[in-house]
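Asks: Take a look at the following structure, please.
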Amino acid sequence: MAFTLSLRRPFVADHFHDLPGFQEDRHGHNWEVEATVALASEAEEADFATALDAWVTTIDYRLLNDLAPLSGRNPTAEALAEQAFHYLQGAALKPCWVKVREKANFWALCRTGEDR
């Protein structure tokens with residue numbers, strides 16, 4: 001039986017914005033990532049948790065501007081949601097969407113075009 005599963009993970013990271021039209025000094029956030037994936041069986045739940053934890057490990061307590069996958073981009077919630085989405089795809093999962101929350105009232109969602 002196929003189903004979807006959502007998991008959330010907190011992380012802490014600093015960033016700054018330095019591209020024309022969007023500049024801001026270095027500052028940090030207590031971020032949160034929430035992802036939903038389509039699973040073919042319960043056996044895939046552990047793979048999902050492992051992959052999401054691995055993605056968080058790559059950015060937790062880091063300066064996001066220094067990360068290669070964000071090179072040339074302002075490290076926004078939108079960029080992180082897209083990066084996490086592709087990371088899960090690269091882990092052979094089928095993400096439905098990934099949401100990254102930067103502040104209580106500010107988040108970005110990356111999703112497939114299939115659920116619009």
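Asks: Give the angle, between 0 and 90 degrees and rounded to the nearest 10, that separates the Cα long axis of helix 45-59 from the longest principal axis of the Cα atoms of the chain.
Replies: Once rounded, the angle reads 10 degrees.
Asks: Another question about this same structure. Hull surface divided by four, with the convex hull built on the Cα atoms of segment 22-97: how many nm²?
Replies: Quarter of the Cα hull surface area: 5.4 nm².
Asks: Would you please put 92-101, 61-70 in order of how densely packed they are, using the mean number of other Cβ atoms within 10 angstrom per residue and starting with the highest?
Replies: The peptides rank, most packed first, as 92-101, 61-70.
Asks: Moving on to the next point. Once you've got the GNM for the chain with C-alpha springs shorter than 10 Å, pick whichever of 102, 78, 42 has the biggest mean-square fluctuation.
Replies: Most flexible of the set in this elastic network: 42.
Asks: Compute the distance from the alpha-carbon center of segment 1-23 to that of segment 44-116, in whole Å.
Replies: 5 Å
Asks: Evaluate the distance, in nm, between pseudo-label points positioned 7 Å from the Cα of residue 68 and of residue 25 along their respective Cα→Cβ axes.
Replies: About 3.2 nm, to one decimal.
Asks: Using Cα pairs under 8 angstrom and six or more residues apart, how large is the relative contact order of the chain, in percent? If you can, show how the numbers build up before the last one.
Replies: Numbers: 207 pairs, mean separation 33.5, N = 116.
Worked out over the chain, it gives 29 percent.
Asks: Which of 31, 48, 75 sits farthest toward the positive end of the charge dipole of segment 31-81, with +1 on the Cβ of Lys and Arg and -1 on the Cβ of Asp and Glu?
Replies: The one lying farthest along the dipole's positive direction is 75.
Every number in this text was worked out from the coordinates using simple rules, so none of it is lab data. Just so you know, these numbers come straight off a predicted model, no measurement behind them. Glycine also receives a Cβ, built like all others from the backbone with ideal geometry; neighbour counts cover every protein chain displayed.
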